[in-house]
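The values are calculated or read from the model by the stated rules, or taken from the named source; none is laboratory data. Everything numeric in this text was worked out from a predicted model, so none of it was measured. For neighbour counting, all protein chains shown are included, and Cβ atoms are generated from backbone atoms with ideal geometry for every residue, glycine included.
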Amino acid sequence: MATASDTTSTQAEDERQSIDEIVVSGRHLSSRDASIIVEQEFMVDVAEALSRLPGASRNQNGRLSGIAQYRGMFGDRVSVSIDGFGVISGGPNSMDAPLSYVSPMITERLVLERGIPGVASAPESIGGHVDAAIARGDFSSGERFDFGGMVGARYANNGDTTSLAGRLTAANRSHRVSLVGEANRADDQQTPVGRIVPSQLSRDRLDASYAYQDDRNEFQVFAGYLDTRDTGTPALAMDIRYIESQLYGASFGRQLSPDLSIDARVGYNDVDHVMDNFSIRPAPDMPMQYRQNRTGGDGFVFALQSEYSMSDFLLTAGVDGRLASHDSLITNPNNAMFFIQNFNDVERDVLSAFSAIRHESRNSDWEIGLRYVDVSTDAGEVSFSGLMDMMGMNAGQLADAFNAADRSLSFGNLEAVFKYSVRLTRDLAFSVDLGSKTRAPSYQELYLWLPLQATGGLADGRSYIGNLDLSAERSNEIAVGLDWAGERFTISPQAYFRDVSDYIQGVPATVMPANMLATMMSGNGALQFDNVDAEIYGLDLGWRYSLTERLGVEGSASYTRGRRTDVSDNLYRLAPPNASIALNFADSSWSLRGEVIAYDGQNRVSAYNDEQPTAGYGIVNAAFSWNASRSIRIDLQAVNLLDRGYQDHLAGVNRVRDVDIPVGERLWGAERTVSIGAVMTF
């Protein structure tokens with residue numbers, strides 16, 4: 001909560017704002033964060049918005065399964081929250097990645113913490129922190145209840161993609177009741193070389209909430225529902241049959257005194273998830289190859305935080321936690337005797353405490369913080385049935401070894417972050433972040449006892465086994481940035497370097513039964529998660545030049561290099577160097593945007609899993625927006641206007657046979673796509 005003594009800090013922040021912030025076209029950039037107003041963007045996957053922020057991108061395993069990537073780290077390494085609440089996913093391959101739990105037209109904004117996240121942001125944010133906010137409406141200013149909301153619709157010709165959204169809010173100055181919802185539907189997507197099969201999608205997202213506020217208190221409670229059906233993930237071995245999720249949460253804040261405030265929140269979500277390899281993609285030739293995987297995840301997240309201000313200092317302290325459970329059972333509908341219990345009664349609990357002190361003055365600010373993170377994990381015994389002959393013998397040896405091992409593990413890690421920024425001149429500011437961040441192994445990296453592809457969405461087509469002897473990753477990082485804001489030109493570059501010890505990735509397995517089993521199933525030996533050493537470094541920036549009051553040009557650029565330092569190899573699935581430039585014109589009632597986005601080829605690929613290089617490419621996009629009235633907005637957009645054929649390095653390789661794109665070939669980008677949308681507010 002804001003405190004009365006925040007006035008000094010707010011004034012200092014306002015004075016700095018003119019030199020460290022770029023705001024244009026619904027996008028904001030400063031040395032501390034980057035954000036985008038998602039509801040103004042044409043997309044079905046909120047993770048796609050990350051690729052429009054410097055240094056960020058997304059690994060795309062399906063049209064609704066985007067995995068956040070920031071400065072060379074992705075997956076569990078990037079902390080993702082929704083309105084400050086962490087999400088417990090249900091699928092071991094991240095088909096329901098955290099950002100799939102929000103839908104674009106009802107998402108108010110997506111905020112990326114630029115540089116090293118502060119200790120108060122989240123535990124295990126070794127690769128960055130992202131928060132998405134649902135648009136639930138505002139309180140009104142009077143005692144009488146006012147009703148407001150929006151309805152919107154969008155259509156894209158490629159795949160007959162439709163989105164329908166609405167929000168109804170009743171509010172006065174103290175109470176707010178809100179109901180929001182969005183439905184997304186699409187058929188298979190077309191590329192210049194044919195259809196991506198399957199790339200159809202179906203998702204419904206609902207959220208109901210009540211909020212209260214007065215001079216000293218804030219309170220909100222919400223209930224949400226996600227229903228995803230028959231959605232393709234062509235870069236993975238199976239597709240989504242359904243994901244049913246319930247999400248609940250409550251938050252409370254109180255101003256105890258002019259200088260002291262507390263905030264608390266608790267959330268729960270439950271996921272039931274089924275995937276298979278025969279319903280919406282061409283089925284295997286042999287009935288014995290049919291596979292269905294039912295998985296589940298559930299658990300609680302909670303946090304308690306206090307802030308105390310004195311003079312120019314702000315003290316923050318808190319505790320938080322995440323208690324998660326996971327299960328996964330693979331079956332064959334053609335053989336009632338077949339099953340593989342690949343994850344059974346898995347628990348991964350994170351408990352953490354932190355403290356930070358921040359000082360702000362007219363020309364500078366600094367922050368230093370410490371966080372201790374305790375991660376405890378455990379798993380039940382596993383079993384299988386229906387694997388015959390040598391496959392059954394090898395699987396039996398692996399199951400026996402796993403069940404006999406000590407599976408109760410704990411990881412205790414101390415993290416530290418220091419941030420400093422100073423105004424050098426009226427137009428120029430300098431910032432530096434120093435940090436040491438950690439991440440304990442995921443449950444897949446620890447407890448995957450049979451060589452399978454349940455790897456948190458790596459999508460490299462290789463079979464992995466876990467490792468109970470893994471250590472936690474530690475990244476020692478420095479990020480240095482400048483912010484220049486002249487009368488017409490603004491730019492915010494940042495350079496960074498990460499030295500990562502005990503980085504977790506696959507290495508050739510030395511477990512003979514796993515290698516024999518993987519070779520019989522796929523023709524390749526197994527990979528085993530292990531600790532290696534790595535470094536990641538790069539530069540990203542955003543800029544804008546105002547030609548006139550209505551006409552401006554803007555752009556961004558990102559470069560990331562990641563490599564192992566213990567052997568000569570590159571890190572897997574890193575975004576290639578890329579840049580964009582856009583011309584914007586805004587009149588009183590309409591705006592026009594044209595942009596060129598260019599990606600360099602990615603030849604620095606990992607050898608350990610035979611990652612394929614990709615060629616560079618560029619595409620041209622255009623967008624038009626017209627405010628037909630104070631309450632109606634019409635949007636038009638054309639993506640890949642010149643209908644170029646290209647392959648996004650982060651899109652993964654095709655895993656589906658008997659379709660237009662051969663198995664093992666990098667998935668192609670969508671052909672020219674024209675979209676139209678309308679939003680009415682009331």
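With the checklist (1) over 19 Å from S675 (Cβ atoms); (2) buried (at least 23 other Cβ atoms within 10 Å of the Cβ) in hand, flag the one item T107 doesn't pass.
Going through (1) over 19 Å from S675 (Cβ atoms); (2) buried (at least 23 other Cβ atoms within 10 Å of the Cβ) one by one, T107 breaks only (1).
Give the range 481-537 a look and list any residue that's at positive phi and part of a strand (DSSP E or B), or say none.
D502
Test G506 against the stated conditions and say whether it is closer than 30 Å to R32 by Cα and either buried (at least 18 other Cβ atoms within 10 Å of the Cβ) or of a type in the set (K, R) (or both).
For G506, the condition - closer than 30 Å to R32 by Cα and either buried (at least 18 other Cβ atoms within 10 Å of the Cβ) or of a type in the set (K, R) (or both) - is not met.
Between a first residue in the range 629-648 that is part of a loop (DSSP other than H, G, I, E, B) and a second residue that is of a type in the set (S, T, Y), which pairs have beta carbons less than 6 Å apart while being 6 or more apart in sequence or on different chains?
That search, which allows pairs on different chains as well, returns S631/T681; Y646/Y617; Q647/T614.
Since D483 meets every condition but one in (1) acidic (D, E); (2) free of Cβ contacts under 8 Å to residues at least 60 places away in the same chain; (3) surrounded by 24 or more Cβ atoms within 10 Å (Cβ to Cβ), which condition does it not meet?
(2)
Yes/no matrix, rows are residues, columns are (1) closer than 20 Å to M521 by Cα; (2) touching a residue at least 60 places away in the same chain (Cβ under 8 Å):
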{"site": "N342", "(1), (2)": "yes, yes"}
{"site": "A353", "(1), (2)": "no, no"}
{"site": "A399", "(1), (2)": "yes, no"}
{"site": "V417", "(1), (2)": "no, yes"}
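With the requirement that a residue be among the hydrophobic types (A, V, I, L, M, F, W, C) and surrounded by fewer than 19 Cβ atoms within 10 Å (Cβ to Cβ), what does the range 338-374 give you?
Residues satisfying the conditions are F338, F339, L351, A353, I357, W366, I368, L370.
Residues checked against (1) part of a strand (DSSP E or B); (2) of a type outside the set (G, A, S); (3) at pLDDT below 95; (4) touching a strand residue (DSSP E or B) at 6+ places or on another chain (Cβ under 6 Å):
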{"position": "R136", "(1), (2), (3), (4)": "no, yes, no, yes"}
{"position": "V151", "(1), (2), (3), (4)": "yes, yes, no, yes"}
{"position": "A170", "(1), (2), (3), (4)": "yes, no, no, yes"}
{"position": "Q190", "(1), (2), (3), (4)": "yes, yes, no, no"}
{"position": "Y212", "(1), (2), (3), (4)": "yes, yes, no, yes"}
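Return the only residue of G166, G224, G127 being crowded, with 16+ Cβ neighbours inside 10 Å, in contact with a helix residue (DSSP H, G or I) (Cβ under 6 Å, 6 or more places away or on another chain) and either within 30 Å of K437 (Cβ to Cβ) or free of Cβ contacts under 8 Å to residues at least 60 places away in the same chain (or both).
Selected residue: G127, the only one of G166, G224, G127 that is crowded, with 16+ Cβ neighbours inside 10 Å, in contact with a helix residue (DSSP H, G or I) (Cβ under 6 Å, 6 or more places away or on another chain) and either within 30 Å of K437 (Cβ to Cβ) or free of Cβ contacts under 8 Å to residues at least 60 places away in the same chain (or both).
Return the total of residues in the range 73-112 being more than 13 Å from the chain's Cα centre (by Cα) and farther than 30 Å from G166 by Cβ.
The total comes to 2.
Only residues that are assigned to a loop (DSSP other than H, G, I, E, B) and over 20 Å from V46 (Cα atoms): list them for the range 172-188, please.
Within the range 172-188, N172, R173, S174 qualify.
From V266, V319, grab the single residue that is closer than 21 Å to F354 by Cβ, within 22 Å of the chain's Cα centre (by Cα), of a type in the set (A, V, I, L, M) and at pLDDT 95 or above.
Of V266, V319, the one residue that is closer than 21 Å to F354 by Cβ, within 22 Å of the chain's Cα centre (by Cα), of a type in the set (A, V, I, L, M) and at pLDDT 95 or above is V266.
Which residue pairs have Cβ atoms under 8 Å apart, sit 6 or more places apart or on different chains, and have a first residue in the range 307-322 that is closer than 24 Å to V87 by Cβ and a second that is among the β-branched types (V, I, T) and crowded, with 20+ Cβ neighbours inside 10 Å?
So the pair list comes out as D320/V301; G321/V301; G321/V350; R322/I88; R322/V301; R322/V350.
Could you check how many residues of the range 27-84 are more than 30 Å from S421 (Cα to Cα), in a strand (DSSP E or B) and either in contact with a Phe, Trp or Tyr (Cβ under 9 Å, 6 or more places away or on another chain) or of a type in the set (K, R) (or both)?
Count: 2.
So if I check each of Y242, Y268, Y308, which one is touching a Lys or Arg at 6+ places or on another chain (Cβ under 9 Å), of a type outside the set (K, R) and in a strand (DSSP E or B)?
None of the others qualify; the one that does is Y242.
Consider Y617 carefully, then state whether it is out of contact with any helix residue (DSSP H, G or I) (no Cβ under 9 Å at 6 or more places or on another chain) and of a type in the set (F, W, Y).
Against the criterion (out of contact with any helix residue (DSSP H, G or I) (no Cβ under 9 Å at 6 or more places or on another chain) and of a type in the set (F, W, Y)), Y617 qualifies.
Being of a type in the set (S, T, Y) and either part of a loop (DSSP other than H, G, I, E, B) or surrounded by fewer than 16 Cβ atoms within 10 Å (Cβ to Cβ) (or both): is that true of S279 here?
It is true that S279 is of a type in the set (S, T, Y) and either part of a loop (DSSP other than H, G, I, E, B) or surrounded by fewer than 16 Cβ atoms within 10 Å (Cβ to Cβ) (or both).
Go through the range 359-384 residue by residue and tally those that are touching a Ser or Thr at 6+ places or on another chain (Cβ under 8 Å) and not β-branched (V, I, T).
11
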